[in-house]
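Notes follow once the structure below has been shown.
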Amino acid sequence: MYGLTEVKLLGRGGPRVSSMAGITAAQAAYLGELFRLGGEHRYVDPGSWAQTLHVSPAAVSRMSRRLEKAGLIERRPYRGIRLTPRGREEGVRAVRAHRMAEAYLVSVLGYGWHEAHDTADRLGEIADEVLVARLEAHAGYPRRCPHGEPIPRADGSIDEPNDTPLTSVAVGSSGRISRVRVRDAGRLQYLEAKGVLPGAPFRVEGKAPFEGPIRVSLPCGDCVLGGELARNIWVEVDPPSA
């Protein structure tokens, strides 16, 4: 999510120090991604961490040792890695800067939601808390980023949505799209064209077995989503009718 841009910067003159916390931009990237993966509450598999950052397992192993030594994560054999309280603070700070930058780029500067990620990476790299607060004010104090992810407040609190992957929703159920956890620009453009956007109402019309395609009805019409794509679309389901 945040990692690819910052991690590559290590090859351009050494680690840059984040203006927010005195840690390197790469460390902030790793901690932000670990928070996004749920590392605040549970142990995360290092392989999943590496995959979402688009780095090698060896790179994760090296960074893990540094972060553990700094007291930012804890590692447990056969269980994985999770954030310490201080690591959570730094991870939340990175997530807040990134998502607020995305919200500002889309709502104020007119970026497409498929364009904002990489620029938000670069902006978040230099953003201190004052800059993030000003982005927040200019963007109208958004509580979610353009993809529906909750934006942490300045005090570190965050409103976690009560949502679930679309793949777990039964046929006939309806609700609203909560988050689109997709990063690929082409897929985001496709989803936007089909009306698969945060806040859009939906109804599951059909599901193929064995994690096959899912057909949903949306205001723009019916849309068929492959299993892999549907797993990354999170929804809030309406309660059953009485």
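Among Cys220, Leu31, Ile81, flag the residue with its Cα farthest along the positive direction of the charge dipole of the chain, charges on Cβ as +1 for Lys/Arg and -1 for Asp/Glu. In the chain, that residue is Ile81.
Can you give the net charge of the other residues whose Cβ lies under 13 Å from the Cβ of Ile177, counting K and R as +1 and D and E as -1? Value of the local net charge: +1. The residue among Trp234, Val55, Val180 whose Cα reaches farthest toward the positive pole of the charge dipole of the chain, with charges on the beta-carbon of Lys, Arg, Asp and Glu, is Val55.
Here the Kirkwood formula, the inverse mean of 1/r across different C-alpha pairs, assigns the range 1-155 a hydrodynamic radius of 15.5 Å. Each residue of the range 179-184 is assigned a 3J(HN,Hα), and the resulting list reads 9, 10, 8, 10, 10, 4 Hz, derived from the Karplus form 6.51 cos²θ - 1.76 cosθ + 1.60 (θ = phi - 60°), x at Gly and Pro. Put in order of Cβ neighbour count within 10 Å, fewest first, the listed residues Tyr43, Tyr78 become Tyr78, Tyr43. Computed over neighbours whose Cβ is under 11 Å from that of Ile151, the net charge equals +1, Lys and Arg +1, Asp and Glu -1.
Taken along the Cα-to-beta-carbon direction at a fixed 7 Å, the label points for Ser241 and Leu218 span 2.5 nm.
Semi-axes of the equivalent ellipsoid of the range 37-112 are 27, 14, 11 Å, computed as sqrt(5λ) over the eigenvalues of the C-alpha gyration tensor in descending order. Residue-wise HN-Hα couplings along the range 64-69, as the Karplus relation 6.51 cos²θ - 1.76 cosθ + 1.60 with θ = phi - 60° gives them from phi, are 4, 4, 5, 5, 5, 4 Hz; Gly and Pro carry x. Segment Arg66..Glu205, full-extension length gain: 45.2 nm, with 0.36 nm per residue of separation and the alpha-carbon distance subtracted.
Each value in this text was obtained by applying a stated rule to the coordinates, not by laboratory testing. Model, not experiment: these values are computed from the prediction. Using ideal geometry, Cβ is built from the backbone for each residue, glycine included, and neighbour counts are taken over all protein chains shown.
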